[in-house]
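Heads up, the thing below is written out as structure tokens.
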Amino acid sequence: MLGRAEDAFRIVGLAAGSRADVLAAQIRALRPAVAAVANIADLALLDLPAGTRGLAGDDALVEIATHPDVDLVLVATGGIVGLRPVLAALAAGKVVATANKETLVAAGHLVMPLARGLASSVAQRDPGDPYASPLAWLRPIDSEHSAIWQCLVGERPDSIARLVLTASGGPFLDAPSDLSSVTVAAALRHPTWTMGDKITIDSATLANKGLEVIEARWLYDVDDDAIDVVIHPQSVVHSAVVFRDGSLKAQLGTPDMRLPIQYALTHPDRRPSPSAAVDLVAAGRLDFRAPDLARFPALEIARGAGRIGSRASAALIAADDVAVARFLAGTIDFTGIPRLLESAVRRFGEGADQTPDLETLSALDGEVRATYTNDTTWSVA
């Protein structure tokens, strides 16, 4: 992906929650020192070569993330399973590149102080060092947050007036108002991106954009009311920053995740990329509009959880996992997703400590999942 990547990178560890067959193929090709799976029974399926040590269980990800030969940890897990290894990696002074929204949505109050501490230590020695920024230690991979990060390179934090997160609008941007009869197949037909089922459904409901607002608050230390969400169907402008002087800086690119992944791996350097550059003439036009909060209430439900605090945000992401899984399984309809999210935030997120520790977050995650997996309130007859 990065040209002669073998000259710049060495894979020390690989891990997967499932798909042991895919992981086994990667292990054969890359020969990591360690490899991990969630279930110990899957270790036998890896057929580990000489020189690769197998790990399994709750502590396996932490062991890989803190391995003495590891410099950078790339996190692409779902849910909060990646939270412990992210905290451990940062505590051990590792760079973390993350595509996992839930880590910051549920636990930004635990994660960001570690990234800021690492940056502060570097800044005391050399304020001009690229690693004097928290974003050099906790590197966002989502295209929207990568875009904002790129727009902020060389800018002072106090120069930010607003952040503008763009959203494609998903497959139902111009669909009829009643979305209750939306099918799974239709919801998975994203117009511009090819993604996994979970993020594709989150894009269709706009819940993902609410989660990104919460992430942005933590990553860039801005208030919720200084973050705008704008619908941009072409997915060429990945996000933008408005500065105090009125200037707007945006990052444009083709809808290709290889570019933000590469930027997170090679920062502060830019290298030749397999991603095609944007052809402005071919693009022709770039459209923007405000999101329809009445048709897509999940966006404002998620933003509201972020305003309440981390416990509410943690309840939100656990409920969203359950809601999307139930929609895909056919036990709730499309409009049941935001109703389930709203219920979880109200039931589990309000009126309690909004700076929960790791143990509390884990218990809350399990309780929310158990509750809404078994709740038949929104079941399809």
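The values are calculated or read from the model by the stated rules, or taken from the named source; none is laboratory data. Keep in mind it's a predicted model, so treat the numbers as computed, not measured. With ideal geometry, Cβ positions are generated from the backbone for all residues, glycine too; neighbour counts draw on all protein chains shown. Side chains included, ligands, DNA and RNA excluded: accessible areas come from the protein's heavy atoms. Shrake-Rupley method; radii C 1.70, N 1.55, O 1.52, S 1.80 Å.
The value given for segment 82-136 is a Kirkwood hydrodynamic radius of 11.4 Å, derived from the mean inverse Cα-Cα separation.
Tally Lys/Arg at +1 and Asp/Glu at -1 over every other residue whose Cβ is under 11 Å from the Cβ of Arg347; what's the total?
My count for the surroundings of Arg347 gives -3.
I want to verify a result. In a Gaussian network model of the chain, Cα cutoff 10 Å, which of these has the top mean-square fluctuation: Glu102, Glu63, Glu144? Answer for the Gaussian network model of the chain: Glu63. Surface composition of the chain: carbon plus sulfur atoms hold 53% of the accessible area, using a 1.4 angstrom probe and ignoring ligands, DNA and RNA. Among the listed values [x] 23.5, 79; [y] 21.4, 69; [z] 20.6, 64, the one computed from these coordinates for Rg and Dmax of the Cα atoms in Å is [z]. Counting only protein heavy atoms and a 1.4 Å probe, segment 242-381 has 50 square angstrom of accessible area per residue. Near Val73: Cβ cut-off under 13 Å, other residues only, Lys/Arg at +1 and Asp/Glu at -1. The net charge is 0. Put the Cα centre of segment 246-316 next to the Cα centre of segment 130-206 and the gap is 4 Å. Using a Gaussian network model on the chain with a 10 Å cutoff between Cα atoms, which of Arg28, Arg271, Arg156 fluctuates the most? Maximum among the listed residues: Arg156. Using the Cβ of Leu328 as centre and a radius below 9 Å, the other residues enclosed give a net charge of +1, where K and R count +1 and D and E count -1. Largest GNM mean-square fluctuation among Asp321, Asp174, Asp256, using the chain with Cα springs under 10 Å: Asp174. Cα gyration tensor of segment 37-106, axes a ≥ b ≥ c as square roots of the eigenvalues: rounded (a/c below 1.5), prolate (a/b > b/c) or oblate? Cα axes put segment 37-106 in the oblate bin. As a length-normalised measure over Cα pairs under 8 Å and 6 or more apart, the relative contact order of segment 70-211 settles at 17 percent. All distinct Cα pairs of segment 278-344 go into the 1/r average, and the inverse of that average, the Kirkwood radius, is 13.7 Å. With contacts taken as Cα pairs under 8 Å and at least 6 residues apart, segment 1-134 reaches a relative contact order of 15 percent.
How much mean residue ellipticity at 222 nm does the chain get from its helices, if each DSSP H run of length 4 or more adds -39500 (n - 2.57) and you divide by all residues, to the nearest 500 deg cm²/dmol?
One gets -13000 deg cm²/dmol as the mean residue ellipticity at 222 nm.
In this simple spin-label model, placing a label point 7 Å from the Cα along the Cα-to-Cβ direction at both Leu188 and Ser247 gives a separation of 4.5 nm. Solvent-accessible surface of segment 122-231, taken per residue with a 1.4 Å probe and all protein chains present: 40 Å².
Could you give the length gained on full extension between Ala8 and Leu328, defined as 0.36 nm per residue of separation minus the Cα-Cα distance, in nm?
Once the chain is fully extended between Ala8 and Leu328, it gains 111.2 nm.
For the chain, what is the relative contact order in percent, using Cα pairs closer than 8 Å and at least 6 residues apart in sequence? Once normalised by length, the contact order is 14 percent.
Long hydrophobic helices in the chain, taken as whole DSSP H segments with a C-alpha length of 24 Å or more on their own axis and mean Kyte-Doolittle hydropathy at least -0.5: 101-125, 310-329, 358-374. Taking every DSSP bridge with both residues inside the chain, close to 40 percent are antiparallel.
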